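Report on one structure; see the data block that follows.
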Amino acid sequence: MANRLVDIISTQARHYGSREAYRFCWRKDGEWQSTSWNDFKTQVEVAGKALACLGLIEKDNIAICSPNTPQILITELGAFRNRLASIPIYASSSQEQFDFIVANGDAKVLFVGDSHQYPLAYNYWKKHPDKISRVVIFKNDGLELKPDDSISIFWDDFVRMGMEAPEEIAREVERRMNAGLPEDMATLIYTSGTTGEPKGVAITHSNYDAAMEMHLQLLTQVTDKDLSMAFLPMSHILEKAWCFFCITKGIAIAVNYDPRLIQDTIHNVHPNIMCCVPRFWEKVYAGVKEKIAGMNKMQRIMVNRAVSCGKKRNLHYVRLGKKVPWLLEKEYSFWDKKIFYKLKHAIGIPDPNMFPTAGAPLSDKIVEFLRSVGIEVVIGYGLSETTATVSFYPPVDYEIGTVGIPLPGLKVKIDKTGEILVKGATVTPGYYNNPKANEESFTEDGFFRTGDAGYFTRNGALVLTERMKDLFKTSNGKYIAPQMLESRLAENKYIDEVAVIGDQRKFVSALVVPNLSQLRRWAEENGIDYSDTEKFVTDPVVVDFVKKQIDGVQKDVAEYEKIKRITLLPNHFSIMNGEVTNTMKVRRPVVAKRYAKEIEAMYAY
C-alpha cells in the first residue's frame, strides 16, 4: 500500500472537492479565510515542486520553526511527495535549542514563521553557511532581511517557484512519490526532555499509517462534519498526529496562529474537537469555580444540583453503557439547557464532541466535573516515540484516574521496575544518529522503554503514576510522585504552577507560582499591600494563606507525602530559561539549580 500521507490530499480533493479543508486568520481582529480541499491539493502540489526546485534530493531533511499556520501542513505534505523528512521546531525555541536541532537533524532548508523566528535561521546560516541552502519565511510582517542575507525568500517567492517549475520537475516529484517506501522517515521530532539533550525521534510513514488506521477504527464518535481547532503547537506530536488524522478523516481544521489568543479564537470558531493539555482545562475549571463563588446562595444550590445530576447521568449510566432512567434524562435535559449550555458557550464550545487531552496529569476532580457538565475530555497517554497515542479513554467503560486502554495492536506491559514498555507498528524505529540512546531505550526483545511508571487496573486500563526520573525518595526512604501532588494543586484557583521538592530531603517542600490576579484580589479584600510583587509573595501572611490552600488540597495524602513548606515565586517558570519544557513539564534539575538558594532556605530550620 502506498504511504497514506503522500497522496491523502489528492484523495480528499477528489472526495470533498470544494468543501472546507481548513480556515485561518493571521490577526486577532482579522477575518477567518476558508480554503477548500481542491485548493489545498493545489497548494501541496505547488509546494512539492518548489521543494524540488530548491535542489533537495530524496532522504534530505527540512526544518520548520513557526507558530501554527497552514503553511506548515502544506510544506510537510509537499515534502512527503519528495521523500523528504520534516523537523518541527517550537517557535519559542532559544538560539541554542534551534542550532542543536538543525545541526543534529542535518536540515538543508529552513522554514520560519515570521520576524520572531527569522533571526534564529539567519544566525545559524551565518555560523554554518555551507550547511543551509535556503531560508523560507512564511509571513512577511514588515520584516526587513539582513543586508548580507543572500539565501532568504518569502513564502510568495517560494510559491512562485513551484508554479513556474518546468515539466521535468513535476515528473521528478511524481517519480519520488512512486518510489516512496513505508520505512521512509516522515518526521524527525526532537523530544523536549526534562533531563539531558533532546533526542531526534524518527517517525516513519508506516508509523503514521498504523496510527491513522488504529484511530479510524476507534474514534467512531468523530465524523467529517466536525471542526477541529489546531491550538497546541504543530511541533507537538499530539497536534501533529491529530492534524494528520483530521486530514485523513476529512475533518476541517481551524488553525490558531497565536496560542495567547485562544480565548478569542475559540469564541470565533466554536470548534467541537480540540487537542488540549491539562493547563487549558485547569484554567477553565478555575474560572468556573470563581464564577460559582460569586453567585448568591440560591444560584450555587442550583449549580450544585445540576452538576450532581450531570455526574449521576454521565458517570453512573452513560459511562457504563447503561440506559439512563427517564426521569434523570428529563432532569439532565433541563439543566443542560438552563446551565450547561451557557457554561459551554462561555468557554467557546457550545456543541462539543470530544477533546483529547494529554501531556501531563489532569486531576480526577476536574475530569469528573467536565464530564458531568457534558464536556468529553478524553484522557490519553503517549509519547513522540509512539507517534502520540499509547492509550486513551474508550467511549464506554473508561475509568477516571487512568489514561484509558491501550490501542489494539500495541503490546503494552509493565516491567519489574514498574516502567511501561511498548511495542507495535506505531513505535519509532529509533533515535536519529544516536546508537547509544537506542541501546538504552529498547529491550532485547524490541520493547520501547517509555521512562514512565504505571500499572494496569483489573479492567485493563493503564494508570500512569510518574516519570521514572521524577520519582524521588526522601531521606526517610519514602518514595514521592511529584506530578500527582502538582496536578492536585492545580485545582486551586490561587495556584498557577508548582515544582515539588524533596529528593533526599527530610520532608517535601514546593516552589509555588501563585495566580497573582486571584491572590491580589484576596489581598485587596484583606487590606494587604500588593504593589511590590516581590515583597508581596514573601509576606508571611500571604505565604501562610497559600500554604493553607495547599493543606486543604492534600488532606487525604499520606503524611510523608505532604508539602510541609513552600516558597512563593514572583514569576512563572520559563521555557526560555529551560525551567520547563515546551509542553510545560518541569525540568527538575534546572529548577533545583536555579532556585537552590530558595530551596536551601526551606530546609534551614
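Here are a few things to note about the model shown:
- The one condition in (1) touching a strand residue (DSSP E or B) at 6+ places or on another chain (Cβ under 9 Å); (2) touching a residue at least 60 places away in the same chain (Cβ under 8 Å) that residue 38 fails to fulfil: (2)
- Members of the range 545-557 that are assigned to a helix (DSSP H, G or I) and in contact with a strand residue (DSSP E or B) (Cβ under 9 Å, 6 or more places away or on another chain): 546, 547, 549, 550, 551, 553
- Residue 217 falls short on exactly one of the conditions (1) within 18 Å of residue 410 (Cα to Cα); (2) in contact with a Lys or Arg (Cβ under 6 Å, 6 or more places away or on another chain); (3) not small (Gly, Ala, Ser), and that condition is (2).
- All positions within the range 139-160 that are of a type outside the set (Gly, Ala, Ser) and either outside any loop (DSSP other than H, G, I, E, B) or touching a residue at least 40 places away in the same chain (Cβ under 8 Å) (or both): 139, 153, 154, 155, 156, 157, 158, 159, 160
- Only one of 55, 48 that is surrounded by fewer than 18 Cβ atoms within 10 Å (Cβ to Cβ) and not acidic (Asp, Glu): 55
- From 254, 286, 230, residue being closer than 18 Å to residue 380 by Cα and surrounded by 18 or more Cβ atoms within 10 Å (Cβ to Cβ): 230
- Filtered by the rule that a residue be of a type in the set (Lys, Arg) and surrounded by fewer than 21 Cβ atoms within 10 Å (Cβ to Cβ), the range 491-515 gives 505, 506.
- Flag for residue 591 being hydrophobic (A, V, I, L, M, F, W, C), out of contact with any Pro (no Cβ under 8 Å at 6 or more places or on another chain), in a helix (DSSP H, G or I) and open to solvent by 30 Å² or more (accessible area, probe 1.4 Å): no
- Pair list, Cβ under 6 Å, 6 or more apart: the range 558-574 residue in a loop (DSSP other than H, G, I, E, B), other residue surrounded by 20 or more Cβ atoms within 10 Å (Cβ to Cβ) and of a type outside the set (S, T, N, Q): 569/511; 570/537; 573/497; 573/579; 573/580
- The C-beta contact set for the range 315-326 (first residue closer than 18 Å to residue 401 by Cβ, second residue among the charged types (D, E, K, R) and assigned to a loop (DSSP other than H, G, I, E, B), distance under 8 angstrom, 6+ apart or interchain) comprises 316/322; 319/397; 320/397.
- The set of residues in the range 549-599 being more than 21 Å from residue 278 (Cα to Cα) and aromatic (Phe, Trp, Tyr) consists of 560, 595.
For every residue, the table says whether it meets (1) of a type outside the set (A, V, I, L, M, F, W, C); (2) more than 26 Å from the chain's Cα centre (by Cα); (3) on the phi < 0 side of the Ramachandran plot.
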position	(1), (2), (3)
171	yes, yes, yes
184	yes, no, yes
188	no, no, yes
203	no, no, yes
208	yes, no, yes
212	no, no, yes
219	no, no, yes
224	yes, no, yes
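- Residue match in the range 10-19 (condition: part of a loop (DSSP other than H, G, I, E, B) and either of a type in the set (Asp, Glu) or open to solvent by less than 20 Å² (accessible area, probe 1.4 Å) (or both)): yes
- Leading residue by the ranking (surrounded by the most Cβ atoms within 10 Å (Cβ to Cβ)) among those in the range 333-370 that are of a type in the set (Ser, Thr, Tyr) and outside any loop (DSSP other than H, G, I, E, B): 357
- There is no residue in the range 111-125 that is outside any strand (DSSP E or B), small (Gly, Ala, Ser) and over 30 Å from residue 579 (Cα atoms).
- Residue check, residue 382 touching a residue at least 12 places away in the same chain (Cβ under 8 Å), out of contact with any Pro (no Cβ under 6 Å at 6 or more places or on another chain), buried (at least 20 other Cβ atoms within 10 Å of the Cβ) and within 16 Å of residue 461 (Cβ to Cβ): yes
The values are calculated or read from the model by the stated rules, or taken from the named source; none is laboratory data. All of these numbers come straight from a predicted model, not from anything done at the bench. Glycine also receives a Cβ, built like all others from the backbone with ideal geometry; neighbour counts cover every protein chain displayed. Just so you know, the surface numbers come from the protein's heavy atoms only, side chains and all, with ligands and any DNA or RNA stripped out. Shrake-Rupley method; radii C 1.70, N 1.55, O 1.52, S 1.80 Å.
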